[in-house]
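The next block holds one structure in the form of structure tokens; read it before the comments.
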Amino acid sequence: MPRRFLSEATRNTLYLDCMNRKFDDVLRVVRSTSANEMDYAFLQLYLSRSCQWGHIASVTHIWDKYVLRLKMMTVHPSLLCEIGNLALNEGKHFLPPQIYHHYVKFFSGTMPIDEEQRIEYELLRIKVESFAKGTMLKTRFREKWKVLLEDMDHHLSSAMEFRVRDFPYLTKSVQLEDNEMLMKLLFDQNKLDIKNRSTAPLLLNIILSQPQQSIESKISLFEKFYDTHRSLKYDDTLTILFRLCKGDGYRLSKLGQMVEEKGLNPLSSVALRAFTNGIKDTEYSFDQLTNSSPAQH
């Protein structure tokens, strides 16, 4: 069948409506237009703009028809990350696995290693978070944690740092788990095939982020965990504890002493800032800690 093209007037209207964020109008025209007539340069712009402004109906239509079914488009990795985050926010939990598969098929091994690791981390993070959110009441936390281990810890570079702030839905899902199971997961980590030094502390930090425990019990839990896992990364953990103790000069000074005694210096710039912001305007200080050179974050 010979290729037909949109009329110049229709194409101009689509571009203008897209730039003016009239996505409902654009979607009606695009849905009624055959793939044989569609302007693919416009589709790329339309996908980018509708993702930028959160028009999920447009994004899913283009993805389903032109990327998955007709295989007429490839989507740049940076835009894949944007689509993934939109899908996560909008509850389209079927999309993140498809997005990651698209990335692997068309882009894996084609970029500088630093960029590739950043993209893979983000796409897999979205995939894990989407599973955690989509199965919030249906699946136990330990199953969600297993997905993180298989998809991220076992796959990404062991130097990649996992941050608790990147996993809000995984963190929220801990509230549905009993403490005994969480402690078993936390202290039996060596029975699992864990490769990354920040993976086990991530679980600790998820538990420390829960509101139901007292500050004293959280500090005690950190000390107990550290005594059995001395070589892991604890900047994120200390940042959480410093922020929990903000304005409490006594507890912060005790934490500062612990940092010194256990040789946890130098702190990251984020952790050091959390400490100094927390202890200012109190009667306590800890010069050794605040004068330590922060680690690069």
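Any residue in segment 135-161 that's of a type in the set (Asp, Glu): show its pairings with residues that are at pLDDT 90 or above and not in a helix (DSSP H, G or I) at Cβ separation under 7 Å, as long as the two are six or more apart or on different chains.
Short answer, once both residue conditions are applied: 153/196; 161/198.
Please work out which residue is farthest from residue 282 (Cα to Cα), limiting yourself to segment 222-254 and to residues that are of a type outside the set (Asp, Glu), open to solvent by 20 Å² or more (accessible area, probe 1.4 Å) and assigned to a helix (DSSP H, G or I).
This residue is 228.
Among the residues of segment 41-56 satisfying the criterion of being of a type in the set (Gly, Ala, Ser) and open to solvent by 40 Å² or more (accessible area, probe 1.4 Å), which is farthest from residue 84 (Cα to Cα)?
Going through the qualifying residues, I end up with 41.
Look through segment 164-205, keep the residues that are part of a helix (DSSP H, G or I) and among the aromatic types (Phe, Trp, Tyr), and return whichever of them is nearest to residue 217 (Cα to Cα).
In this case the residue turns out to be 187.
Output yes when any residue across segment 74-97 is within 21 Å of residue 205 (Cα to Cα), touching a residue at least 24 places away in the same chain (Cβ under 8 Å) and under 12 Å from the mean Cα position of the chain (by Cα), and no when none is.
no
Could you identify the single residue in 38, 72 that is modelled with pLDDT under 95, open to solvent by less than 10 Å² (accessible area, probe 1.4 Å) and in a loop (DSSP other than H, G, I, E, B)?
38
Evaluate the following for residue 170: is it open to solvent by less than 10 Å² (accessible area, probe 1.4 Å) and over 22 Å from residue 268 (Cα atoms)?
The answer is yes for residue 170.
The values are calculated or read from the model by the stated rules, or taken from the named source; none is laboratory data. Computed from a predicted structure; not experimentally measured. Note that each Cβ is placed from the backbone with ideal geometry, even for glycine, and that neighbours are counted across all protein chains shown. Keep in mind that these areas ignore ligands, DNA and RNA; they rest on the heavy atoms of the full protein, side chains included. Shrake-Rupley method; radii C 1.70, N 1.55, O 1.52, S 1.80 Å.
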